[in-house]
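What follows is one structure encoded as structure tokens, with my remarks underneath.
The values are calculated or read from the model by the stated rules, or taken from the named source; none is laboratory data. This one's a predicted model, so the numbers in the text were calculated from it and none came from an experiment. No Cβ is skipped: glycine too gets one built from the backbone with ideal geometry, and neighbour counts run over all protein chains shown. Keep in mind that these areas ignore ligands, DNA and RNA; they rest on the heavy atoms of the full protein, side chains included. Shrake-Rupley method; radii C 1.70, N 1.55, O 1.52, S 1.80 Å.
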Amino acid sequence: MKIGLFCLTEHFEGNVQESIMEQLRLVELADQLGFDEAWFGEHHFNGFSVIPDPCAMIAYAAARTGCIRLGTAGFLAPFYHPLRLAESIAVLDHLSGGRINAGFAKGGFAPDTKYFSRDPDNLRNAMFEITEAIDELLHAKNPTYRGTFTSFENPNLQPKPLQKRIPFFVATFANPDTIRFAARHGYGLLMSQGASLDECLEAQKLYHRVAGIHPEIVLMRVFCVADSYDDAYRIARPSVDHFVKSMRAASSEIPPPKWNREQYDAILSEREAFFDGQNFFDNAILGTYIECLKTIKTIQKELPDVHLILKPSSACASQNRAMLNVFNTHIRPHI
């Protein structure tokens, strides 16, 4: 089992720059604690998850860390030109000393398709093609591709990545077409915070039927450790709920909700979930360190080679740092 950090650069209140830097400081701490990976999301036109440029975030993190692998969860592939993104990935691989994982997603929020001029009905197929094209560009001697969304013949991509082969992963909410696509190419799977263990096992079975091997599964999980389950739930609930509301706002192209720590009960009563936020809690790693360890052991038993990616879920930056330290001291030695 690999252990990682899920980075969404959440901006609750105060200065946006501080929110961005606090996320990067958390990556530095994860590196110091010996975490295996940090994965950066990508969101656009979003005042809460302020991470429209994961390449820039990874470049900074690469300069400030020494061992932790740095990945994307994921690049919104339909909104990129494959040649340009392949160049960026290759440069990041050199800057990081060969520590890059490349994850790809289809996106789909209304403002994204509007402002990047993409047909929402074609996003999945566009993701498939752009991902294949980038794979060809980074790893083939004479890269050539003919598709509906992109075509090229033997461009001189420079530099080539430092790694002989950059690990590729594809985001899915257990969509069979995406799982089959990943299996045919040997790519890993990026599974959502809301994906249940049963959904992961079904995805693994389908992948195995196609590829004959089990996939690498990168599994994101809400994480909150405290003195009791009730305390952990109380700490995580506002953060997770605000994430759900903010993602719905971004998708609907309306202003994000105002963060109000003191009156959050009233905000909760107005909730209109874009994602099913309860799924995040049903599948979370939540409670005392003993309860968290029990949940992780269950995941480890069913998915022994999983990449477990923790999303510390407090609106307080210092509390998130403290939770990573508790994880490293009281939980990680037992997994």
Q) Just for region 129-173: of the residues that are farther than 21 Å from S96 by Cα and of a type in the set (K, R), which one is modelled with the highest pLDDT? A) R146
Q. Does D241 fit the bill of being part of a loop (DSSP other than H, G, I, E, B), charged (D, E, K, R) and either open to solvent by 10 Å² or more (accessible area, probe 1.4 Å) or closer than 25 Å to I3 by Cα (or both)?
A. no
Q: Might you check whether a residue that is surrounded by 13 or more Cβ atoms within 10 Å (Cβ to Cβ), modelled with pLDDT of 70 or more and part of a strand (DSSP E or B) occurs anywhere in region 267-285?
A: yes
Q: Being within 18 Å of I51 (Cβ to Cβ), open to solvent by less than 10 Å² (accessible area, probe 1.4 Å) and out of contact with any Asp or Glu (no Cβ under 6 Å at 6 or more places or on another chain) narrows it down to one of F79, F104, F109, so name that one.
A: F104
Q: Give the residues of region 157-177 that are crowded, with 20+ Cβ neighbours inside 10 Å and in contact (Cβ under 8 Å) with a residue 60 or more places away in the chain, sorted by residue number.
A: P161, I166, F168, F169, V170, A171
Q. Hey, S49 hits all of (1) of a type outside the set (F, W, Y); (2) in contact (Cβ under 8 Å) with a residue 40 or more places away in the chain; (3) open to solvent by 20 Å² or more (accessible area, probe 1.4 Å) but one; which does it fall short on?
A. (3)
Q. So which of P78, P52 ends up being assigned to a loop (DSSP other than H, G, I, E, B) and either within 25 Å of A315 (Cβ to Cβ) or not small (G, A, S) (or both)?
A. P52
Q. Which residues, taken from region 67-80, are farther than 16 Å from N122 by Cβ and over 17 Å from the mean Cα position of the chain (by Cα)?
A. C67
